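Here's the structure we're looking at; comments come further down.
The values are calculated or read from the model by the stated rules, or taken from the named source; none is laboratory data. Fair warning: this is a prediction, and the values are worked out from it, not measured in the lab. FYI the Cβ positions are ideal-geometry reconstructions off the backbone, even for glycines, and counts take in every protein chain you see. The accessibility values were calculated without ligands, DNA or RNA, using every heavy atom of the protein model including side chains. Shrake-Rupley method; radii C 1.70, N 1.55, O 1.52, S 1.80 Å.
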Amino acid sequence: GKKLGYTFNHRNLHNISLGQGQEVVAEQALDLAAKEGHWVILQNIHLVAKWLSCLEKKLEQLSEGSHRDFRVFISAEPAPCPESHAIPQGILENALKITSEAPSGMHANLHRALDNFSQDTLEMCSQEKEFRSILFALCYFHAVVAERRKFGPQGWNRPYPFSSGDLTISVSVLHNYLQASSKVPYDDLRYLVGEIMYGGHITDDWDRRLCRTYLEEFIKPEMLEGELCLAPGFPLPGNMDYNGYHQYIDDALPPESPHLYGLHPNAEIGFLTQRSERLLRTVLELQPRASSTGQGALGTREEMVQALLEEMLEKLTDEFNMAELVAKVEERTPYAVVALQECERMNALTAELRRSLSELELGLKGELTMTSDMETLQNSLFLDTVPESWLKRSYPSTASLGSWFADLLARISELEAWTRDFSLPPTLWLGGFFSPQSILTAVMQTAARKNKWPLDTMTLQCDVTKKSREDFASAPREGAYVHGLFMEGARWDVQAGSIADARLQELTPAMPVVFIRAVPGDRQDTRALYPCPLYKTRQRGPTYVWTLNLKTKESPSKWVLAGVALLLQI
């Protein structure tokens, strides 16, 4: 304040955290501050998006005739996506903008985590050795969970707002526990940090398992015996002073790589590939939608769309005749019910495709007035993206329009083959279902009826065969053979019959045919098994389908940290 020629004290400052009806208070503070020359700090304006237009008008009114010392400071969290940008353009144009960039890479994140403390922090606990070792392990844990977000869904199913406050509170809890007990309560510390301090942010069960596994690997009795490595080639340091820990990070931390997070190097290839695809997609969408160079260029665009929609309408098959199919079913077994449900969903999707494409065709010929929906469909066809109206009736997919339509025709072909006589195919294409859960549930229902087992106590047993789809001529007596699964984060070793490290640049190797059958829960041997989540797409998260137990010769925690999962589409 003095450097600006302005005498500043707490009475000149109005610090308002927005949300919970604080908008009126903020407007009153602005009026007073503009008159008296005070400062106003408005925090978390992203929480009151609807009020921001009023704020813009208020600031515009106060920009003239206000006290020369009047200042307004605004803070907001960054928007998760461009569609969520809420701050009005007028405020942005008239403001001096300052951003606080999060550190990038493990080296910067680990230094920043340690910067939250000091030499006095290291000396404040009576159990100095234990306190320093666990504090450094917590700093590494914090850096890992914060930076792992860059790997997308393979890092975390959902992004979480972990902050330095989570770390400092965890260290305070550590200090209080060590002061009150002569023994280190490892289980209590892992629970408090993993389930409350950091776990309080986490909403996905698989992410919670990941957080818990990190703490089980980093905070355990071996850490005090000099036998713990936080990452390959990076052992937990011994008893050092504050500057010594910073120097140890500079000297001993290996170069940035997915290994520091427990991930395979392929995770970085996948992450960079997806980032490049998003960038190229954005560049493509930025090109002019209409050309100013004359009718020739615009005609070319319309001709491309016209040719594509004619080809799609030609290839699109007729809808399933549900009355005929229902009459053909002799016994409504769980499998037959699933087949009929899939046909109904497919009819809804193909009917929308045929309606919207036919409508656009008439619009391009000039026989119908072009609507906003038709223009959106035209842009999607030109940019090779699946239209939103189709996705609403479709299944989760990250494919381009061409790949998506080819996949749709393959799904229709599979359904046509299945509904000829409703006998279970030799192998099921699990990824070809709108609802893969339904066919897996049908496997359990069929076994429950046949063996008179209670359905709520049953589980699915997964046995990976050594064969491919072509090697099977008939369905099994019980259960089902399924194909079309892919593994991300690792690979299946056919000879060893277990999960193994992925080969470099093989991001999603195909799985052999998997034999799935239902057994009572108490009969399943869970030893040497990795509970592997199955997802519909690489987006993971909300596309979760089931959990399949896969054999492993290594500790399951290795595959948890590597983000190993099965996928139905790649």
Relative contact order of the chain, defined on C-alpha pairs under 8 angstrom at six or more residues apart (%): 11 percent
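Normalized C-alpha radius of gyration of region 413-496, against 2.2 N^0.38 Å? Each step should come with its number before you reach the end.
Numbers: Rg = 14.2 Å, N = 84, 2.2 N^0.38 = 11.8 Å.
In units of the 2.2 N^0.38 Å rule of thumb, it is 1.20.
How much accessible area per residue does region 106-265 have, counting only protein heavy atoms and a probe of 1.4 Å, in square angstrom? Kindly include the intermediate steps, with their values, before the conclusion.
Working: 6660 Å² over 160 residues.
Value returned for region 106-265: 42 Å² of accessible area per residue.
A 24 angstrom limit on the alpha carbon distance is what I want to check against. Which of K452/K553; K315/K392; K392/K536; K129/K220; K452/K536; K35/K58 exceed it? Numbers along the way, then the final one.
Numbers: K452/K553 35 Å; K315/K392 21 Å; K392/K536 16 Å; K129/K220 14 Å; K452/K536 31 Å; K35/K58 14 Å.
Check vs 24 Å cut-off fails for K452/K553; K452/K536.
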Computed over region 53-211: relative contact order in percent, which uses C-alpha pairs under 8 Å that are six or more apart: 19 percent
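Can you tell me how much longer the chain between A307 and S182 gets when fully stretched, taken as 0.36 nm per residue apart minus their C-alpha distance, in nm with one decimal?
Numbers: separation 125, 0.36 × 125 = 45.00 nm, distance 7.74 nm.
Once the chain is fully extended between A307 and S182, it gains 37.3 nm.
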For region 127-225, alpha-carbon Rg over 2.2 N^0.38 Å: 1.05
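For region 449-539, run through the trypsin sites (Lys or Arg not before Pro) and keep only the ones in DSSP coil with at most 13 other Cβ atoms within 10 Å of their Cβ. Can you show the working numbers first?
Values: sites: R449, K450, K452, K466, K467, R469, R477, R491, R503, R517, R523, R527, K536, R538; in loops: K452, K466, K467, R477, R503, R527, K536, R538.
Qualifying residues, ordered by number: K452, K466, R477, R503, R527.
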Proximal aspartates and glutamates relative to K183, as straight alpha-carbon distance under 18 Å, when same-chain residues fewer than 8 apart are discounted: E128, E130, E216, E222, E225
Area of S276 that stays accessible when all protein chains are in place (1.4 Å probe, Å², to 10): 60 Å²
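What percentage of the solvent-accessible surface of the chain, computed with a 1.4 Å probe over protein heavy atoms, is contributed by carbon and sulfur atoms?
On the way: 15070 of 29870 Å².
With neighbouring chains kept in place, the figure for the chain is 50 percent.
Given Cβ point charges of +1 (Lys, Arg) and -1 (Asp, Glu) and nothing else, what value in debye, to the nearest 20, does the dipole of region 319-369 about its Cα centre take? Walk me through the intermediate numbers first.
Working: 6 positive and 10 negative charges, 12 e Å.
Here region 319-369 has a charge dipole of around 60 debye.
Apply 1/(1 + (r/R0)^6) to the Cβ-Cβ distance of D241 and R527, taking R0 = 45 Å, and write down the FRET efficiency to the nearest 0.05.
E between D241 and R527, to the nearest 0.05, is 0.50.
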Binned Cα-Cα distance frequencies in region 187-292 - 5 Å width, integer %: 2, 10, 12, 13, 16, 15, 10, 6, 5, 4, 3, 2, 1, 1, 0
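Work out, step by step, the length gained on full extension between E331 and A95: first 0.36 nm times the residue separation, then minus their alpha carbon distance; give nm to one decimal. The partial results should precede the final answer.
Details: separation 236, 0.36 × 236 = 84.96 nm, distance 7.04 nm.
My answer for the length gained is 77.9 nm.
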Alpha-carbon centroids, region 554-569 and region 77-132: separation in whole Å: 30 Å
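Restricting to DSSP loop positions (anything but H, G, I, E, B) with no more than 12 other Cβ atoms inside 10 Å of their own Cβ, which GluC sites (Glu not before Pro) remain in region 340-413?
Values: sites: E342, E344, E352, E359, E361, E367, E375, E388; in loops: E367.
When the GluC sites (Glu not before Pro) of region 340-413 are filtered for loop state and at most 12 Cβ neighbours within 10 Å, E367 remain.
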K129 - accessible surface, heavy atoms, 1.4 Å probe, Å² rounded to 10: 100 Å²
Overall Cα dimensions of the chain - principal axes, largest extent first, Å: 86, 70, 42
Eligible lysines near K450 by straight Cα distance, threshold 26 Å, same-chain separation 8 or greater: K328
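Determine the sum of side-chain charges near R411: Lys and Arg each +1, Asp and Glu each -1, restricted to other residues whose C-beta is under 11 angstrom from that of R411. Could the numbers behind the result be given before it?
Numbers: positive: R345; negative: E342, D407, E414, E416.
That sum, taken over residues with Cβ under 11 Å, equals -3.
In debye, nearest 20: dipole of region 177-328 around its Cα centre with unit charges on the Cβ of K, R (+) and D, E (-)?
Values: 13 positive and 26 negative charges, 48 e Å.
Roughly 220 debye, rounded to the nearest 20.
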Per residue convex hull volume, Cα atoms of region 62-164, in Å³: 163 Å³
Antiparallel bridges, percent of DSSP beta bridges restricted to the chain (to nearest 5): 65 percent
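Students sometimes get this wrong: rank V494, V326 by accessible area, probe 1.4 Å, all chains present, largest first.
Working: V494 50, V326 70 Å².
Reading off the accessible areas and sorting them downward yields V326, V494.
Quick check on the chain: helices-only [θ] at 222 nm, where DSSP H runs of length 4 and up contribute -39,500 (n - 2.57) each and the sum goes over total residues. Nearest 500, please. Kindly include the intermediate steps, with their values, before the conclusion.
Values: 19 runs with 249 residues, N = 570.
Rounded to the nearest 500, the figure is -14000 deg cm²/dmol.
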Computed label-point distance, nm, for sites K466 and S84 using a 7 Å Cα→Cβ extension: 4.9 nm
Stretch gain in nm, segment L272-W453, where the contour uses 0.36 nm per residue and the Cα spacing is subtracted: 60.3 nm
Semi-axis lengths (Å, descending) of the ellipsoid that matches the C-alpha gyration tensor of region 327-468: 38, 16, 13
Test item: Cα-centred dipole of region 105-153, Lys/Arg +1 and Asp/Glu -1 on Cβ, debye: 380 debye
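Just in region 325-358: which trypsin sites (Lys or Arg not before Pro) are loop by DSSP and have at most 16 other Cβ atoms within 10 Å?
Numbers: sites: K328, R332, R345, R354, R355; in loops: R332.
Answer in residue order: R332.
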